[in-house]
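The values are calculated or read from the model by the stated rules, or taken from the named source; none is laboratory data. From a predicted model like this one, the values you see are computed outputs, not experimental measurements. Positions of Cβ are backbone-derived with ideal geometry, glycine not excepted, and every protein chain shown enters the neighbour counts. When the accessible area is computed, the model is the full protein with side chains, heavy atoms only, and any ligands, DNA or RNA have been set aside. Shrake-Rupley method; radii C 1.70, N 1.55, O 1.52, S 1.80 Å.
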Amino acid sequence: MLTVDYGRLDVHAGERVLDLGCGFGRHSYEALKRGAEVVACDLARPEVEQVRDLARLLVASGEVDESVMAAPVQGNALGLPFDDNSFDRVIASEVLEHIGDDESAFAELARVLRPGGRLAVTIPSWLAETVCWKLSSDYHAPAVPGGHVRIYRLRDVRRKLTAAGLQPGSSHRAHALHSPYWWLRCAVGPNREVSEHRLVGAYHRLLEWDIVKRPFVTAAAERLLNPLLGKSLVVYADKPLQAPGSARTRKSEDMAHAA
């Protein structure tokens, strides 16, 4: 189940892609299948290890060439372990809403993206997230350690991308069918097991069926509902060829001038 539109991200074979907040690798696998060299990065070690293992299975099955196999890296968005201008494309999926100092994280994403490269940021959309927060304080931080710490509007994301030296472009919403599911879970208690509530369990089975089968009826319904009810907001941005220095670079230059 992809959130990022790879047509808009414009991923090509041979390009180097960073999948930050890779989770269990859904975006990494799609980039690998397109022939990109992928670096899958996450703060959680189990997720990174699973991406590595599943990437090996893709190579063994012949779906992915060994030369572009995902490199798993455990890393922090506030201090990415990569050189400046290291990647042609960067994906940051459902990461920034967890980070207190998100402006530093935006600056790091811009730093590792090469001039002329493109970034895709996905975060929970304003409407879907606002309803969840109002329904239950157990859905987000501080009740949930490491949980969501803010709700973004589109203008917030665009402003922070611009402040990091990037040029925001198109945007869209995705996964409309998931919003009512999370509203329902928040209404009955997000910490309850899915199986404990009949309606939540039935909706969960529906989503699993949709992900596996992807029938026309649910795909059409989601396309229709995404602009309003999409659970995720996706924003794309480019790094100018003559990009201003990153926050880290500007700081170094200021210190040099002061000396």
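Overview of results
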item	result
Rounded to 5, percent antiparallel among DSSP beta bridges of the chain	40 percent
Karplus (6.51, -1.76, 1.60) ³J(HN,Hα), θ = phi - 60°, over region 85-95, in Hz, Gly and Pro reported as x	6, 8, 10, 6, 9, 10, 10, 10, 9, 6, 10
Within the accessible area of the chain (1.4 Å probe), percent carbon and sulfur	54 percent
Inter-label distance for Ser67 and Lys213, nm, one decimal - labels placed 7 Å from Cα along Cα-to-Cβ	4.1 nm
Cα-based convex hull, region 48-158, per residue volume (Å³, whole number)	140 Å³
The chain: radius of gyration over Cα atoms, expressed as a fraction of 2.2 N^0.38 Å	1.04
Protein-only accessible surface order, largest first, of Ile151, Ile211 at 1.4 Å	Ile211, Ile151
Residues whose placed amide H lies under 5 Å from that of Glu94, excluding near-sequence neighbours	Thr122, Ile123
Sorted peptide list for 168-181, 54-67, criterion being average Cβ within 10 angstrom, highest first	168-181, 54-67
Spread of Cα-to-Cα distances over 5 Å intervals beginning at zero, given as percent, for region 1-81	3, 18, 28, 24, 19, 7, 1, 0
Accessible area (Å², per residue) of the chain, counting only protein heavy atoms and a probe of 1.4 Å	50 Å²
